[in-house]
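Here's the structure we're looking at; comments come further down.
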Amino acid sequence: VQLQASGGGLVQAGGSLRLSCAASGHIFSSYLMGWFRQAPGKEREFVAAIRWRGGNTYYADSVKGRFTISRDSARNTVYLQMNSAKPEDTAVYYCAGRGSYNIDYRPQSYEYWGQGTQVTVSS
């Protein structure tokens, strides 16, 4: 599975942005797709994840209520809708895939990675 992230850019605090992650190759129903982010000087951290089958969603506390992860099975695409953006959301955002149904918040548990897309939130 190859992942291609897009949609990053510059947004003002309080604004919205939608990230997309297009997958080439077959995403099995057992997969878990996620978004991570990494700010300069910080470790990569979990943002959100969704089970390909069933659509169960999981969020980091820092984005709960502001971000929404979704998928379009027909398009093999995962989205991250970012609302009420904050300057602390500034980071490179990566989409990732895990060949297991179980939720895991550690980046090392994900086998597939996109190239990252920069999100900058200005205050």
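The values are calculated or read from the model by the stated rules, or taken from the named source; none is laboratory data. All of these numbers come straight from a predicted model, not from anything done at the bench. As a convention, Cβ positions derive from the backbone with ideal geometry for all residues, glycine included, and neighbour counts pool all protein chains shown. To get the accessible areas, we keep the full protein, side chains included, count just its heavy atoms, and leave off ligands, DNA and RNA. Shrake-Rupley method; radii C 1.70, N 1.55, O 1.52, S 1.80 Å.
With θ taken as phi - 60° and the Karplus curve 6.51 cos²θ - 1.76 cosθ + 1.60 applied, the whole-hertz 3J(HN,Hα) list for region 6-23 is 7, x, x, x, 9, 9, 7, 4, x, x, 10, 8, 10, 9, 10, 9, 8, 10 Hz, x standing for glycine and proline. For the chain, with the dipole built from +1 on Lys and Arg beta-carbon atoms and -1 on Asp and Glu ones, taken about the Cα centre, which of Tyr94, Ala23, Gln4 lies farthest toward the positive end? Going by the Cα projections, it comes out as Ala23.
Suppose we look only past 18 Å in the calculated P(r) of the chain. What percent of the Cα-Cα pairs does that tail hold? If you can, show how the numbers build up before the last one.
Numbers: 3371 of 7503 pairs.
Here the tail beyond 18 Å accounts for 45 percent of pairs.
Sum up the charges of everything whose Cβ sits under 14 Å from the Cβ of Asp104, counting Lys and Arg as +1 and Asp and Glu as -1, but leave Asp104 out. Intermediate values should be presented prior to the final figure.
Numbers: positive: Arg44, Arg51, Arg98, Arg106; negative: Glu45, Glu111.
So the environment of Asp104 carries a net charge of +2.
Residues whose amide H comes within less than 5 Å of that of Phe67, counting only those at least five positions distant or on another chain, are Asn83 (H built at 1.01 Å from N in the peptide plane).
3J(HN,Hα) along region 94-109: 10, 9, 8, x, 10, x, 8, 6, 7, 5, 8, 9, 8, x, 5, 8 Hz, from the Karplus curve 6.51 cos²θ - 1.76 cosθ + 1.60 with θ = phi - 60°, whole Hz, x for Gly and Pro. Mind giving me the nanometre distance, one decimal, between the label points for Leu10 and Glu88, set 7 Å out from Cα along Cα→Cβ? Taking the two extended label points, one gets 2.4 nm. With protein chains left intact and a 1.4 Å probe, residues in the chain average 50 Å² of accessible area per residue. Under a 5 Å amide H to amide H cut-off, with H placed in plane at 1.01 Å, what residues pair with Thr90 once short-range neighbours are removed? Those qualifying (amide H under 5 Å, at least 5 residues apart or on another chain) are Val121.
Rounded to the nearest 20, the Cβ-based charge dipole of the chain about its Cα centre (Lys and Arg +1, Asp and Glu -1) stands at 200 debye. Proximity of backbone amide H atoms, modeled 1.01 Å from N, is registered between Arg53 and Tyr31 at under 5 Å, excluding neighbours fewer than 5 places apart on the same chain. Here the chain has 45 percent of its accessible surface on carbon and sulfur atoms, given a 1.4 Å probe and all protein chains in place. Starting from the Cα of Ala22, step 7 Å toward the Cβ, then list every residue of region 88-123 with an amide N under 16 Å from that point. Answer for this model: 95, 114-117. Remark: region 78-89, residue by residue, has Karplus-estimated 3J(HN,Hα) of 10, 10, 10, 8, 10, 10, 6, 4, 10, x, 6, 7 Hz, where x stands for each Gly or Pro and the curve is 6.51 cos²θ - 1.76 cosθ + 1.60 at θ = phi - 60°.
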